[in-house]
């Protein structure tokens, strides 16, 4: 089972990301959960959301404390929120930033893999808004390889209608442009 | 064959209710129920289901409105949580006394105070004695299935009682997970239109909700008690039919690896499957442990619970509400009462867990069982799991 924690700010769409990811994974026959950090959320305040994906039925319903992967939608959260909290030492940290992965790795003193992509720039270009949640799904798929990027097509089209293709294009660019530390 | 889809459970519940040919719903929004009511109102507004969605100014009005509609013979639904359910409280026993087959989804949430919006069972427990059939579910699929079954149970000619479906708030309502919807054709076959025992109509006047003083009051309450106890037969028959038509079985008391277990853990609601993982871990270490999951809260399944529990040496009952100044956990009190007359009965340990959304992990379950195994807790009191003092 892969467990993912997403960090964002209220309004950046972390919850939408976990919904889309779970729906797409279930769509290709896997088992998945997507859930917000339960409770009130405020626009702009740090929020978290969670994903679980597995080949077999998922029974556990308690929180995720030792994620395999952490996705950071907004790099301004680094330093404000302990984004590597509980992240497995050999886990993967994916950050939306202009910085190189090696720099983030050093800054956070994290032993696992770090991947970065300027998802805000991609989203601004492809979608016309600096909302990087769907873009970062492309980055995540590249790193965890649980399904093909194309597997998200139906889910994204269903959710976004006429702006679906723009979201898919942004996801594809993040998938291709992500940089990975060694 | 129905297709598995990923959907938020609250929306799935609304979709399932939308499959039930309801005539009317009245829902007042409250977290974490809101998505059920919102999505149901969408289904009506989009013309996907032919029903009236009545927007009301409070939960008291919501339950009152569906009582009125149900009295006319309509199939009706409402949903609420926590304070909303507390506001409905005075109407609930009236609904059961009037023998109206209402169906209500409860996105279980802690009752204030302090104000808290997260999951526990403190909202349903104060409604325990209101004469409703009360069923708990532990995942999204069960939330769909039981929401549909509830209408059939409620409206059965031998029942005519309101049913509430307890769906843990957030842990269930806000979870996107795989679910499958039964084919509409099969639902229609399973759930034919309601045939009311009596209905309100100007051309055929009847009295519903009549006045009764001491000369009749006791008899009416005894009748309600008999009706509720008797409803178990119908509940079992409906679950049997569901299993035949849809392949998923439902029992008043579910078990997991309980055969030959010396220690049994008992849960109710969404923590059941997390607890299964704890049982797997301890079984792998050679401990004779098992799990009992109480699905039917009212009518309380005395016979089934006795049958399952009496052979164990120890039973660890978890409660997600507190009966303050009383027996601790309301479920534990019931379990003790059920076993009192048994010659052979287990020692019973009581834990209060998961209040106001406090997470309970696999490790919490294994450590509770471990403490009971070592007899580090007493049978004559109850513990608040992980409380800071």
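Read the figures in this text as sums done on the coordinates, not as results from a lab. Note that the coordinates shown come from a computational prediction; the quantities given were computed from them, not determined experimentally. As a convention, Cβ positions derive from the backbone with ideal geometry for all residues, glycine included, and neighbour counts pool all protein chains shown.
The value obtained for the protein assembly as shown, namely the Cα convex hull volume divided by the number of residues, is 169 Å³ per residue. FRET efficiency for the residue B:376 to residue B:206 pair, using the beta carbon distance and R₀ = 60 Å, is estimated at 0.50.
Over the range B:1-100, the alpha carbon radius of gyration divided by the compact-protein estimate 2.2 N^0.38 Å works out to 1.08.
Axis of helix B:140-155 versus longest Cα principal axis of chain B: the two differ by about 50°, to the nearest ten degrees. Shielding of peptide B:332-339 by partners, expressed as the average count of other chain Cβ atoms within 10 Å per residue Cβ, is 0. Neighbour counts of C-beta atoms inside 10 Å place A:6, B:297 in the sequence B:297, A:6, starting with the fewest. Here chain A has an Rg and Dmax of 14.9, 42 Å, counting Cα atoms alone.
Estimate the FRET efficiency between residue B:302 and residue B:189 by the formula 1/(1 + (r/R0)^6), using the beta-carbon distance for r and 30 Å for R0, to the nearest 0.05. Efficiency, rounded to the nearest 0.05: 0.35.
Between the beta carbons of residue B:248 and residue B:341, assuming R0 = 51 Å, the FRET efficiency works out to 0.90 to the nearest 0.05. Place a point 7 Å from the Cα of residue A:107 along the Cα-to-Cβ direction; which residues of the range A:125-155 have their backbone N under 19 Å from it? Once the point is set 7 Å along Cα→Cβ of residue A:107, A:131-133, A:136, A:139-140 turn out to lie under 19 Å by backbone N, inside the range A:125-155.
Overall, the anisotropy analysis places the range B:253-384 in the rounded class: the square-rooted eigenvalues a ≥ b ≥ c of its C-alpha gyration tensor yield a/c less than 1.5.
The value of relative contact order for the range B:4-246, using C-alpha pairs under 8 Å at least six residues apart, is 24 percent.
The calculated Kirkwood hydrodynamic radius for chain B is 21.4 Å, given to one decimal from all distinct C-alpha pairs.
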